[in-house]
1. Go through region 1-27 and give me each residue that's loosely packed, with under 10 Cβ neighbours inside 10 Å and either of a type in the set (A, V, I, L, M, F, W, C) or not in a helix (DSSP H, G or I) (or both).
2. Restricting to region 28-67, name every residue that is closer than 20 Å to residue 17 by Cα, out of contact with any helix residue (DSSP H, G or I) (no Cβ under 8 Å at 6 or more places or on another chain) and crowded, with 18+ Cβ neighbours inside 10 Å.
3. Could you check, for region 68-86, whether at least one of its residues is assigned to a strand (DSSP E or B), of a type in the set (Lys, Arg) and either within 9 Å of the chain's Cα centre (by Cα) or surrounded by fewer than 12 Cβ atoms within 10 Å (Cβ to Cβ) (or both)?
4. Do you know which residues across region 2-25 are of a type outside the set (Gly, Ala, Ser) and either on the phi > 0 side of the Ramachandran plot or in contact with a helix residue (DSSP H, G or I) (Cβ under 9 Å, 6 or more places away or on another chain) (or both)?
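Every number in this text was worked out from the coordinates using simple rules, so none of it is lab data. Since the model is a prediction, treat every value here as computed from it, not as a measurement. For neighbour counting, all protein chains shown are included, and Cβ atoms are generated from backbone atoms with ideal geometry for every residue, glycine included.
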Amino acid sequence: MPRYLIRRVLGDVSETQLEAAADLSRHVRDDQFPDIVWEHSHVVRTPEGLTSYCVYAAPTAQRVRAHATAAGLPADEVYEIARDLVP
């Protein structure tokens with residue numbers, strides 16, 4: 001299954017809001033998008049606030065975007081992962 005990197009500009013959200021968004025994302029995925037897998041996310045602080053980089057496995061990029069919309073999350077950029085490099 002293809003894998004995607006999703007960039008989400010979250011802005012100034014609290015740790016509590018971040019955890020609540022992750023919980024909602026999991027519930028929406030379980031209920032409406034059982035065909036996608038959330039592998040992991042990295043959250044970084046930028047001058048604009050928090051930005052997350054999430055890795056998902058999904059049949060299409062459109063499924064990733066549909067999940068984000070249903071969960072009320074941004075999906076500012078979605079790229080198919082061409083390959084992984086490991087040290």
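1. 12, 14
2. Scanning region 28-67 gives 52, 54.
3. Looking only at region 68-86, we keep the residues that are assigned to a strand (DSSP E or B), and these are 77-80.
Going one step further and asking which of them are of a type in the set (Lys, Arg), we end up with none.
No; the residues of region 68-86 include none that is assigned to a strand (DSSP E or B), of a type in the set (Lys, Arg) and either within 9 Å of the chain's Cα centre (by Cα) or surrounded by fewer than 12 Cβ atoms within 10 Å (Cβ to Cβ) (or both).
4. Initial filter on region 2-25 (of a type outside the set (Gly, Ala, Ser)): 2-10, 12-13, 15-19, 23-24.
Within region 2-25, 2, 4, 6, 8, 10, 13, 24 meet the criteria.
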